[in-house]
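Participant: Sending over a structure as structure tokens; questions will come in a sec.
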Amino acid sequence: MLFRSAPSDNAARPHAAVEAVELPKMSMSRPTSVDSEREEVWIVTGGETEVLLGKQLRKLSAGMAYRVPPTGSTPHANINVSGAATTLLRVSE
């Protein structure tokens, strides 16, 4: 599900988008990076995920979030090694 904000008269940035993502058990998203023109935040809403952010691997649970540095060269991926689906929100601008 994707929601986009309404444009404002003096908006200098693209519209914000919120996307609900479900990561099936024992799966991984494809690593991507965010360019310098965008912001991206991932919020874990259910379950647990391991996050590959650059060269670091971190474990996050429901209620935790991370911001992807807008460098264009920092890969990130969500990894679900649990036996249940993980739900996340991706907020980008």
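Participant: Residue check: is residue 67 charged (D, E, K, R) and open to solvent by 70 Å² or more (accessible area, probe 1.4 Å)? It would help to see each step written out before you state the result.
Facilitator: Values: charged (D, E, K, R): yes; open to solvent by 70 Å² or more (accessible area, probe 1.4 Å): yes.
So residue 67 fits the description; yes.
Participant: Please name all residue pairs, on different chains or six or more residues apart, with Cβ atoms under 8 Å, provided the first residue is in the range 25-50 and is under 14 Å from residue 80 (Cα atoms) and the second residue is among the polar types (S, T, N, Q) and open to solvent by 70 Å² or more (accessible area, probe 1.4 Å).
Facilitator: Filtered contacts from the range 25-50: no entries.
Participant: For the range 59-70, indicate whether the set of residues that are more than 17 Å from residue 20 (Cα to Cα), touching an Asp or Glu at 6+ places or on another chain (Cβ under 6 Å) and modelled with pLDDT of 95 or more is non-empty.
Facilitator: Yes.
Participant: Do you know which of the residues in the range 6-26 that are more than 24 Å from residue 72 (Cα to Cα) and either among the small types (Gly, Ala, Ser) or modelled with pLDDT of 95 or more (or both) is surrounded by the fewest Cβ atoms within 10 Å (Cβ to Cβ)?
Facilitator: Filtering the range 6-26 down to residues more than 24 Å from residue 72 (Cα to Cα) leaves 6-10, 22, 24-26.
Now restrict to residues that are either among the small types (Gly, Ala, Ser) or modelled with pLDDT of 95 or more (or both): 6, 8, 22, 24-26.
Working: 6: 7, 8: 9, 22: 13, 24: 10, 25: 12, 26: 11.
Filtering first and then ranking leaves 6.
The values are calculated or read from the model by the stated rules, or taken from the named source; none is laboratory data. Just so you know, these numbers come straight off a predicted model, no measurement behind them. Cβ atoms come from the backbone with ideal geometry, glycine included; neighbour counts cover every protein chain shown. With ligands, DNA and RNA removed, areas are computed over all heavy atoms of the protein, side chains included. Shrake-Rupley method; radii C 1.70, N 1.55, O 1.52, S 1.80 Å.
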